[in-house]
1. Evaluate the relative contact order of the range 14-112 (contact order divided by residue number), counting alpha-carbon pairs under 8 angstrom at least 6 apart; express in whole percent.
2. Cut-off is 10 Å between beta-carbons; in what order do 125, 88 appear when sorted fewest neighbours first?
3. Using only alpha carbons, build the gyration tensor for the range 99-165 and give me the equivalent ellipsoid semi-axes, biggest first, whole Å.
4. With r defined as the distance between the Cβ atoms of residue 109 and residue 28 and R0 fixed at 30 Å, what FRET efficiency is calculated, to the nearest 0.05?
5. Can you give the extra length, in nm with one decimal, that the chain gains between residue 36 and residue 157 once fully stretched, where that is 0.36 nm per residue apart less the Cα-Cα distance?
6. Work out how much length residue 165 to residue 120 would gain on full extension: take 0.36 nm times their residue separation and subtract the Cα-Cα distance, in nm to one decimal.
7. Which order do the peptides 127-134, 65-72, 100-107 take when ranked by the mean count of other beta-carbon atoms within 10 Å per residue, highest first?
8. In the P(r) worked out for the range 44-141, what percent of Cα pairs fall beyond 15 Å?
C-alpha cells in the first residue's frame, strides 16, 4: 500500500510534456473509437502507443507508421526491416499511423488475450498487468510503465473512468523512463520452447496473485494462440 501511494504521488508530481499531450490529442479519438468497436481501453491503447513508439518519435514509427512494434508474422502487407537472407522477420509497415492503431486493436482480439475482456475498460491497472501476463511483454516493469503514463496524463478519464486508488498496487518498481520500449516483447517473435515459457509465465502469476484477482491470477494463454 505504501509503495502504491508513493507511486501515485510520483506520477502526479511529474510535469506533463507537450509532446505527450500532442500525441494524446492526435490519437485519442481513434483510441476511443477502437474501444467502442473492439473493447480495448483507450487509456491502454494510448499508453502502449506512447511507450512503444517513443511518443511517435521512434525510427519505426516515423518510417513504417508502426506505433506498437508488431512483427510481420501472418502479415500480407509491406514489411519493414526484414532480411530474407538471414530469415530475420521484419515489422508490419502501415500506410498511416491510424492503420497501426486499427491493427493493434484487432491484434488484441486474438485468443491469447481473450481473458482481458472479462475486465472493465476502466480497470486500467488490471489491463496493464494482464497484457504482461498474457504474453505481450517480458519486461517486468511493463505494467508499471503503462500505469505511470496513464496516471500522469490522466488517460483514465477519456472513457469516464477515475484514477484508481492503492487497492491494486503495482508490484514492480516503477521505471519512469517510459519512453524506452520493452526490449524483448513476446509479440515480436515466435515463442520459444514450452519449458521456458512455463518458467517465465509462473513468476508473474505468483507475484500478482493478490493484486490482480480479476485476471484469475494472471493465467497465460496457450503458446499456440495468436502466433
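1. So the answer I get is 23 percent.
2. Ascending number of Cβ neighbours within 10 Å: 88, 125.
3. They are 19, 15, 12 Å, listed largest first.
4. Computed FRET efficiency for residue 109 and residue 28: 0.90.
5. On the way: separation 121, 0.36 × 121 = 43.56 nm, distance 1.51 nm.
Net length gain for the segment: 42.0 nm.
6. 14.6 nm
7. 127-134, 65-72, 100-107
8. Percent of Cα pairs beyond 15 Å in the range 44-141: 64.
Read the figures in this text as sums done on the coordinates, not as results from a lab. All values reported here derive from a predicted model rather than from experimental measurement. All Cβ positions, glycine included, derive from the backbone under ideal geometry; neighbour counts span all protein chains shown.
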